[in-house]
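A.B. asks: What follows is a single structure, and I will ask about it in a moment.
Every read-out reported here was derived from the displayed coordinates using simple, explicitly stated rules and does not represent laboratory data. Owing to the predicted nature of the structure, the values given are computational and were not obtained by experimental measurement. Here the Cβ positions follow ideal geometry from the backbone for every residue, glycine too, while neighbour counts run over all protein chains shown.
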Amino acid sequence: MVAAPTRWRLLALIMLFVAAYAFGTTFANDYVLHLMVLTCIFSVLVMSHNLVTGYVGLFHLCHAAFFGVGAYVSALLAIHLHLPIPLTFVIGACAAGFSGLTVGLLSVRLGGHYFAIVSLGLGVIVYQVLNNWVTLTAGPIGLSGIPLPPQIPWIRKSIDWTPSIFLAFGLVLVLFTYVVFTRIQDSKVGLIMKAIRENELAAACVGIRTNRVKISAFTIASFFAGAAGGMYAHYTRIIVPEQFSFMASAELVAMTVLGGLGSFGGSIASAAFFTIMPEMLRVAGQWRLESFGALLVIVVLFFPRGMAGLGELIWQGFGRLRGRVVADGVTKGTTSRGVA
Amino acid sequence: MALLDVSDVSKRFGGNEVISHATFAVQKDTITAILGPNGAGKTTLFNMITGVLRPTSGNILFGGKSITNVRVPEIVRMGIARTFQKLRLFKNLTALENVAISRLSLGEVSWPMAFLGARSSRQEEKKAVEEACELLSFVGLGGFENARAGSLAHGQQRLLEIARAMALHPACLLLDEPMAGLNPEDSTRLAGSLLRIRERGMTILLIEHHVDVVMDIADHIVVLDFGKIISEGLPEQVQSDPRVIEAYLGGKVN
């Protein structure tokens, strides 16, 4: 129900993205560029997970499975049927959305822990299918040689599918996802979702058809997870079932919580943190992953509302600083404009 | 014809019969109160009327239609709204949002339109907010629009629940102990509000322990004890009914 601050946030985000792109294409080496593309993909994934877990409040443990469905469907269609990649990308996302719809219909009546357990089971099923249907998915070896996207017909210049091009597409995908989700957040749909998270029975008692809302959110989130999967498949060009296992889903839960439940900006920050931090911690040598784990514990202990909460604290700090300037101005007998 | 017809309704939890063959009717434009000691089954009765629980047997009619097996949100949409004895607010939303959401959830504007921010959806939001403000000041929460619901005092949270239920424009409003936790002054004021709510065209079914207040405002009283209706009628009739006196004050000592 609030529109204006969102617009500023969006503008800030666009500027940040332009800066990121400029940085990525001019200063960064291929490795850093690679991390930036991965950050984009995981941002979309974490934001979509946040829509289900942070908004509707369904604790959901199979999001990586939808990521996998998108990746595998898009890759298989491109490898075996030679369909154009923009098409396979969309079909992959739709397939993930459809599996989300199915899972939603099966499990959404269950509340709390029961839903978490059912989603865990369904995630395991997807992983086992990817791992064991060897004739189709090549099993644990995974799919390799996934084709790159084709040339774009209406652009004359031929495109080298370099990481920097992927970065551009990745940033656009993140921006698109962010805009869609914040629109949901700011419309009555977002309010209705939050009401379900806050108190499901009360939500039903103000006439909200809670099951329908939950299934819709689940479907939308799976669609975006599938889109991230498609991009991931055609970017890395090799995918293995392990990347979509329960552990991957659990890691997504950690990313969502660390970013801040219900904050999409926090999700982006968290995806960046999770992708870049383990690399920066290489200075810790063999203690790299242990120190990353310790860092997670510290963040959750001291900032239970995640990076979004941390951001808010900093913002309030700024506010207090500004407030002091204004107050000083008043005591000195000048208006705040006079001080400026 | 009665607005709400509860006929021969029973509810069993395992071997425990919480409501046994309850039959009563709520007439349109009245305030009907359900009285009874703790554990008499009053809230269970509310839960069955609103679809939260299904009766083991019996039938509930609302405006002539059976609502016995209808789901909660559909019953709300048919025109029954309720509040909870154990408060169930959307604690992290503002007071205004808590009330506006009622209007928005029932609103005609479809989700895609709301998503796109179409003019119809903006108008719907504006109307919902205006009405929510009006209802908040009606229940005495003017000025608390932007307070987080969870930060309000207990009594204010009860009032907020009433405003939220009223925003659904129900034909029948079910209030589960609205005066619990209110100081005497506020209770009296709320009693006045209830009369004004009835004038707005909402029929009220009320669970309440403040017997004196109930006697003042109720048009009809149903007394429940151990899941059975032991007395029913006008306040004066119920007040002098020996069965009611026995239930509240205990039986005769021989």
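A.B. asks: Rounded to whole Hz and in sequence order, give me ³J(HN,Hα) for the stretch A:236-244 from the Karplus expression 6.51 cos²θ - 1.76 cosθ + 1.60, θ = phi - 60°, writing x for Gly and Pro.
C.D. replies: Those phi angles translate into 6, 6, 8, 10, 10, x, 3, 5, 10 Hz.
A.B. asks: Then there is this: For each of B:Lys91, B:Lys42, count neighbouring Cβ atoms within 10 Å of the residue's Cβ, then give the residues from fewest to most.
C.D. replies: B:Lys91, B:Lys42
A.B. asks: Report the extension gain between A:Leu313 and A:Thr102 in nm, rounded to one decimal, defined as 0.36 nm multiplied by the number of residues separating them, less their alpha carbon distance. Walk me through the numbers on the way to the answer.
C.D. replies: Details: separation 211, 0.36 × 211 = 75.96 nm, distance 4.00 nm.
Between A:Leu313 and A:Thr102, full extension yields an extra 72.0 nm.
A.B. asks: Would you work out the charge dipole size for the protein assembly as shown about its Cα centre, treating the Cβ of every Lys and Arg as +1 and the Cβ of every Asp and Glu as -1, and quote it to the nearest 20 debye?
C.D. replies: Rounded to the nearest 20 debye, it is 1300 debye.
A.B. asks: Another question about this same structure. Taking amide H atoms as placed 1.01 Å from N in the peptide plane, list the residues 5 or more away in sequence, or in a different chain, whose amide H sits under 5 Å from that of B:Leu224.
C.D. replies: Sorted by chain and number, the residues that satisfy this are B:Leu35, B:Gly36, B:Ile230.
A.B. asks: Suppose we flag trypsin sites (Lys or Arg not before Pro) only when DSSP calls them loop and at most 15 other Cβ atoms lie within 10 Å. Which is the longest uninterrupted stretch of chain A?
C.D. replies: Within chain A, the longest run free of exposed trypsin sites (Lys or Arg not before Pro) spans A:1-108.
A.B. asks: Round to the nearest 10 and give me the degree value, 0 to 90, for the angle of helix A:112-132's Cα axis relative to the longest principal axis of chain A.
C.D. replies: With both axes taken from Cα atoms, the answer is about 40 degrees.
A.B. asks: Would you work out which of A:Val52, A:Phe292, A:Asn29 lies farthest towards the positive end of the dipole of chain A? Charges go on Cβ: Lys and Arg +1, Asp and Glu -1.
C.D. replies: In chain A, that residue is A:Val52.
A.B. asks: If r is the Cβ-Cβ distance from B:Ser120 to A:Ile238 and R0 is 60 Å, what FRET efficiency results, to the nearest 0.05?
C.D. replies: 0.80
A.B. asks: About its Cα centre, how strong a charge dipole does the stretch A:77-195 have in debye, to the nearest 20, once Lys and Arg get +1 and Asp and Glu get -1 at the Cβ?
C.D. replies: The calculated dipole for the stretch A:77-195 is roughly 280 debye.
A.B. asks: Report the residue, chosen from B:Val211, B:Val76, B:Val222, that carries the largest GNM mean-square fluctuation when chain B is represented by alpha-carbon nodes joined by springs under 10 Å.
C.D. replies: B:Val211
A.B. asks: Return the long-range amide H neighbours of B:Thr68 (sequence gap of 5 or more, or a different chain), with a cut-off of under 5 Å between placed amide H atoms.
C.D. replies: Amide H neighbours of B:Thr68, under 5 Å, 5+ apart: B:Ile60.
A.B. asks: May I ask you to derive the FRET efficiency for A:Ser291 and A:Asp30 from their Cβ-Cβ distance with R0 = 25 Å, giving the value to the nearest 0.05?
C.D. replies: Values: r = 26 Å, r/R0 = 1.03.
Computed FRET efficiency for A:Ser291 and A:Asp30: 0.45.
A.B. asks: Find which of B:Gln237, B:Gly150, B:His220 sits farthest along the positive direction of the dipole of the stretch B:135-254, computed with +1 on the beta-carbon of Lys and Arg, -1 on that of Asp and Glu, about the Cα centre.
C.D. replies: The residue sitting most towards the positive pole is B:Gly150.
A.B. asks: Using the number of other C-beta atoms within 10 angstrom as an exposure proxy, rank B:Phe144, A:Phe98 with the fewest first.
C.D. replies: In order of increasing Cβ crowding within 10 Å: A:Phe98, B:Phe144.
A.B. asks: Taking only Cα atoms, what is the 0 to 90° angle, nearest 10, from helix A:30-50's long axis to the longest principal axis of chain A?
C.D. replies: Orientation of helix A:30-50: about 80 degrees from the principal axis.
A.B. asks: On average, how many beta carbons from a partner chain sit within 10 Å of the beta carbon of a residue in B:199-210? Mind showing how you got there, number by number?
C.D. replies: Values: counts 0, 0, 0, 0, 0, 0, 0, 0, 0, 0, 0, 0.
Partner-chain Cβ atoms within 10 Å, mean over residues of B:199-210: 0.
A.B. asks: Here's something else I'd like to know. Would you please state which residues of the stretch A:231-261 a label at A:Val134 would reach in this model, taking the label point 7 Å out along Cα→Cβ and a backbone N cut-off of under 18 Å?
C.D. replies: A:240-242
A.B. asks: Now a separate question. Strictly over 20 Å apart at the Cα level, which of A:Lys194/B:Lys91; B:Lys42/B:Lys86; A:Lys214/B:Lys11; A:Lys194/B:Lys42; B:Lys65/B:Lys86 would you flag in this model?
C.D. replies: Violating the 20 Å limit, Cα to Cα: A:Lys214/B:Lys11; A:Lys194/B:Lys42; B:Lys65/B:Lys86.
A.B. asks: Could you give the length gained by full extension between B:Asn183 and B:Thr56, i.e. 0.36 nm per residue of separation minus their alpha carbon distance, to one decimal place?
C.D. replies: Taking B:Asn183 through B:Thr56 to full extension adds about 41.9 nm, to one decimal.
A.B. asks: Given the options A:Ile184, A:Leu167, A:Gly70, identify the residue whose Cα lies farthest towards the positive end of the charge dipole of the protein assembly as shown (+1 on Cβ of Lys, Arg; -1 on Cβ of Asp, Glu).
C.D. replies: Most positive-ward Cα: A:Leu167.
A.B. asks: Just to be sure I understand the model, the point goes 7 Å from the Cα along the line to the Cβ. What's the resulting A:Leu11 to B:Lys91 distance in nm?
C.D. replies: 3.7
A.B. asks: What's the angle, to the nearest 10 degrees (0 to 90), between helix A:306-331's Cα axis and the longest principal axis of chain A?
C.D. replies: Helix A:306-331 and the main axis of chain A meet at about 20 degrees.
A.B. asks: What order do you get for A:His80, A:His49 when you list them from fewest to most C-beta neighbours inside 10 Å?
C.D. replies: Details: A:His80 9, A:His49 27.
Lowest count first: A:His80, A:His49.
A.B. asks: With a/c under 1.5 counting as rounded, go ahead and sort the protein assembly as shown into rounded, prolate or oblate using the C-alpha gyration tensor (a ≥ b ≥ c being the square roots of the eigenvalues; past the cut-off, prolate if a/b is larger than b/c, else oblate).
C.D. replies: Since a/c reaches 1.5 and a/b is larger than b/c, the shape of the protein assembly as shown is classed as prolate.
A.B. asks: Quick one: what are the phi-derived ³J(HN,Hα) couplings along the stretch A:67-74, Karplus 6.51/-1.76/1.60 with θ = phi - 60°, whole Hz, x for glycine and proline?
C.D. replies: Taking θ as phi minus 60°, the curve returns 4, x, 4, x, 5, 5, 4, 4 Hz for the stretch A:67-74.
A.B. asks: With just the Cα atoms of the stretch B:91-167, tell me how far they stretch along each of the three principal axes, in Å, largest first.
C.D. replies: Cα spread of the stretch B:91-167 along its principal axes, largest to smallest: 38, 22, 18 Å.
A.B. asks: Through the Karplus equation 6.51 cos²θ - 1.76 cosθ + 1.60, θ set to phi - 60°, convert the phi angles of the stretch B:47-56 into ³J(HN,Hα) values in whole Hz; use x for Gly and Pro.
C.D. replies: Coupling constants for the stretch B:47-56: 4, 6, 5, 8, x, 5, 10, 9, x, 5 Hz.
A.B. asks: Here is a follow-up. State the antiparallel share, in %, of DSSP beta bridges confined to the protein assembly as shown, rounding to the nearest 5.
C.D. replies: 60
A.B. asks: Restricting things to alpha carbons, tell me how big chain A is in terms of Rg and Dmax, in Å.
C.D. replies: Rg then Dmax for chain A, in Å: 21.6, 81.
A.B. asks: So, one more: For peptide B:90-96, what's the mean number of Cβ atoms from other chains within 10 Å of each residue's Cβ?
C.D. replies: For this peptide, the per-residue mean of nearby foreign Cβ atoms is 4.
A.B. asks: Sticking with this structure for a sec: Rounding to the nearest 20 debye, state how big the charge dipole of the stretch A:4-302 is about its Cα centre with +1 on each Lys and Arg Cβ and -1 on each Asp and Glu Cβ.
C.D. replies: Dipole magnitude for the stretch A:4-302 comes out near 700 debye.
A.B. asks: For peptide A:192-204, what's the mean number of Cβ atoms from other chains within 10 Å of each residue's Cβ?
C.D. replies: For this peptide, the per-residue mean of nearby foreign Cβ atoms is 6.
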